[in-house]
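The values are calculated or read from the model by the stated rules, or taken from the named source; none is laboratory data. Keep in mind the model is a prediction, meaning the values are calculated, not measured. Quick reminder, even Gly has a Cβ in these numbers, built from the backbone with ideal geometry, and neighbours come from all protein chains shown. Ligands, DNA and RNA are excluded from the accessible area calculation, which covers all protein heavy atoms including side chains. Shrake-Rupley method; radii C 1.70, N 1.55, O 1.52, S 1.80 Å.
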Amino acid sequence: MRFWSFWFNSFILSSQYDPPRFVELLMLLLAIAMLAIGSILPDRPYLILCLSLIIGSSISILVREAIAPSPQTRITQLTASLLLIISLCGFADLMYTL
């Protein structure tokens, strides 16, 4: 029980310390879950939701880094840009197969 209490307190503390980063992390974790579900069940809505979450979190990361740069700004912007490009290519591929 103490283990779960520690994780819950860490969860609450991280959400209060930096809310935008916490929301971005939550969106990326949900995207990973949707990708896992989408790979098991061959339905398009899971893949579309996954790509939408990745695009939203990538744009949020790029905007946050433009407003308030962090010490690792270059790597963060590069990773967010790469995720954005891959997601947009995924959407283009979905539209092409329809």
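Tabulated data for the structure shown
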| item | result |
| --- | --- |
| Dipole in debye (nearest 20) - segment 19-97, about Cα centre, beta carbon charges: Lys, Arg +1; Asp, Glu -1 | 160 debye |
| Surface per residue (accessible, 1.4 Å probe) for segment 19-97, Å² | 65 Å² |
| ASN9 versus LEU29: modelled label distance in nm, points set 7 Å from Cα along the beta carbon direction | 1.8 nm |
| Mean Kyte hydropathy of 0.5 or more with a Cα span along the axis of at least 15 Å, helices from DSSP in the chain | 19-40, 44-67, 73-97 |
| Counted charge near VAL63, where neighbours are those whose Cβ lies closer than 14 Å (Asp, Glu -1; Lys, Arg +1) | 0 |
| The chain, accessible surface, carbon-and-sulfur percent (1.4 angstrom probe) | 76 percent |
| Cβ-based charge dipole, the chain, positive-most Cα from SER60, PRO19, LEU98 | PRO19 |
| Rg in Å to one decimal, and Dmax rounded to a whole Å, for segment 19-97 via C-alpha atoms | 13.3, 41 |
| For the chain: relative contact order, % (alpha-carbon pairs under 8 angstrom, 6 or more apart) | 23 percent |
| Compactness index (Cα Rg / 2.2 N^0.38 Å), segment 1-60 | 1.36 |
| Cα lying deepest toward the dipole's positive end in the chain, options LEU29, LEU82, PRO71, charges on Cβ | PRO71 |
